[in-house]
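Q: I am attaching a structure below and will ask some questions about it afterwards.
Just so it is clear, none of the values below were taken in a lab; they were calculated from the coordinates. What you are looking at is a predicted structure, and each value in this text was computed from that prediction instead of being measured. Virtual Cβ from ideal backbone geometry, glycine too; neighbours counted across all protein chains shown.
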Amino acid sequence: MNASAELLKELRIERNAPPPPPSRGKWWVLALLALAILAAAAGMLGGRDHALEVRTAPAVAIGNTAASASVLDASGYVVARRMATVSAKITGKVREVLIEEGMRVEEGQVMATLDPVDADAQFALASAQLAAARSGVASVQAQLTQAEAEAVRVAALVERGLVSRSQYDAAVAQRDALRAQRVTAQRNVQVASDSLEIARNGVDNTIVRAPFAGVVIAKAAQPGEIVSPLATGGYTRTGIGTIVDMDSLEVEVEVGESYIGRVRPGMRVEAVLNAYQDWKIPAEVIAIIPAADRGKATVKVRVALREKDARIVPDMGVRVSFLEAERADEPEQPRGVRVPQGAIVSRDGASRVFVLQDDKVALRTVETGIALGDGRQVLSGLSAGQVVVLDPPAELKDGDAVRVAAPR
């Protein structure tokens, strides 16, 4: 009984007992964490307070608004007038491919090579045949020289009556026969020379060259594959690659028969690529194809792009606007962008503006034009849509953080 009572006493909870002393290590950790949070908050507040407050305004595009309005809108695609899938002239195994997609090639540049073993053997055989034919000409020429000399001696002996006339005739016949053999041997040399030239062309046909300057848009063969210009399927390739002359790019659009009367050759056109909606490309009508599509009731129109740019690639979708003729009595309006006069400052002897980029400013050098009311024309250094700082403080520098003031 005494043992059980002692165990019960040990399980009793003393409610008036003092709490255990706190751990000193935990208190130090909590204190350091609180100090770090306060320091970060102070840094953030200090950074916000340090950023200058500025007012901003967007750069507005200006252009030749006196240009005529659109009389017809249509859609089409960018096409290349000069595009080729380059193939080898002979059937062979690809040894090396020297092109990649996006690579620019010049006219005559090597694009690929085929295995030249057979062509080299044929060339060596033709070379040997030419050498043999030339040796035959030399042999016949030596015999002919001896026969001609013999005929001259026999003729002298005949005049003196020392030999019969038949011996002279035999010498002359021998000479004439060798002359005929020499002509035959010379012709054999010409035939062998022509055969050698054909064999040389066969070796050259193992090298695939670019027919014109352009950009590679497709690589169709790999080393080890068989290529043939007569391939119709299976595992045999037809071409090595496809190249496009980017200078031949133009736009093809289909215009409904009901509206084709509004279009004429030489008409001004404004083209907008689907990939670059804000880029208006000046263009003009090249020709109206004199044939209609019976099923779609449309007529194809070719449009030339006046600007060449690497962003324009074949098969891009494009929207075109056919414009009416300009009126000569309307003055031409300025081009570029318009910004408020207060956004332009003079720094280091040049006109500059501060452009807002991700809560920071970038100092840009600009070329200014004429005054436009309370603003000014900017010809270069700034594009439409960019945000500029109005009346920038003197202490504002390139790369400084700023805060945009609330609109009034």
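Q: Can you list the HN-Hα couplings for segment 336-351, worked out from phi with the Karplus curve (6.51, -1.76, 1.60; θ = phi - 60°), rounded to whole Hz and with x for Gly and Pro?
A: Result, ordered by residue: x, 10, 10, 10, x, 4, x, 7, 9, 10, 9, 10, 6, x, 10, 7 Hz.
Q: Here is a further query. So which aspartates and glutamates pass the test for Lys308, namely a Cα distance under 15 Å, with those fewer than 8 places away in the same chain ruled out?
A: Cα-Cα hits under 15 Å: Asp245, Asp247, Glu250, Glu270, Glu284.
Q: Which order results if Arg338, Arg403 are arranged by neighbouring Cβ count within 10 Å, fewest first?
A: Placing the least packed residue first, the sequence is Arg403, Arg338.
Q: Hey, another quick one. Which part of segment 162-188 falls in the paramagnetic zone of Gln141, meaning amide N under 17 Å from the point 7 Å along Cα-to-beta-carbon?
A: Flagged as within label range: 178-188.
Q: May I pose another question? To the nearest 0.05, what FRET efficiency results for Ala350 and Ala275 with a Förster distance of 35 Å applied to their C-beta separation?
A: It comes to 0.50.
Q: Kindly identify segment 87-200 as rounded, prolate or oblate by the Cα gyration tensor criterion: order the square roots of the eigenvalues as a ≥ b ≥ c, call it rounded if a/c is under 1.5, otherwise compare a/b with b/c, prolate if a/b is larger, else oblate.
A: Working: a/c = 6.65, a/b = 5.21, b/c = 1.28.
Prolate is the answer for segment 87-200, as a/c is 1.5 or above and a/b outweighs b/c.
Q: Convert each backbone phi in segment 155-161 into a coupling constant with the Karplus relation 6.51 cos²θ - 1.76 cosθ + 1.60 (shift: θ = phi - 60°), then list the ³J(HN,Hα) values in order as whole Hz, x for Gly and Pro.
A: Karplus values, whole Hz, x for Gly and Pro: 4, 5, 6, 5, 5, 8, x.
Q: With θ set to phi - 60°, apply the Karplus curve 6.51 cos²θ - 1.76 cosθ + 1.60 along segment 70-79 and write out the HN-Hα couplings as whole Hz, x wherever there is a Gly or Pro.
A: These are the phi-based 3J(HN,Hα) values: 6, 9, 6, 10, 8, 10, x, 9, 7, 10 Hz.
Q: Going by amide H atoms built from the backbone, whose H comes under 5 Å of the H on Ile62, apart from near neighbours?
A: Under 5 Å from the amide H of Ile62: Gly336, Val337, Arg338.
Q: Hey, can you grab everything whose amide H is under 5 Å from the amide H of Gly241? Only 5+ residues off in sequence or another chain; H modelled, so Pro and N-termini drop out.
A: Counting only residues 5 or more places away or on other chains, the set is Val86, Ala220.
Q: Hey, another quick one. Would you please give the FRET efficiency between Gln186 and Arg165, computed as 1/(1 + (r/R0)^6) with r the Cβ-Cβ distance and R0 = 22 Å, to the nearest 0.05?
A: E(calc), rounded to 0.05, equals 0.10.
Q: Distance between the C-alpha centers of segment 133-154 and segment 341-408? Whole Å please.
A: If you average the Cα positions of each part, the centres end up 97 Å apart.
Q: Right, another one. In nanometres, what is the gap between the two model label sites at Ala121 and Val387, each 7 Å from Cα along Cα-to-Cβ?
A: My value for the distance between the label points is 7.5 nm.
Q: Also, quick follow-up: How big is the equivalent ellipsoid of segment 221-302 along its three axes, where each semi-axis is √(5λ) from the Cα gyration tensor, reported in whole Å from largest to smallest?
A: The answer is 37, 19, 11 Å, longest axis first.
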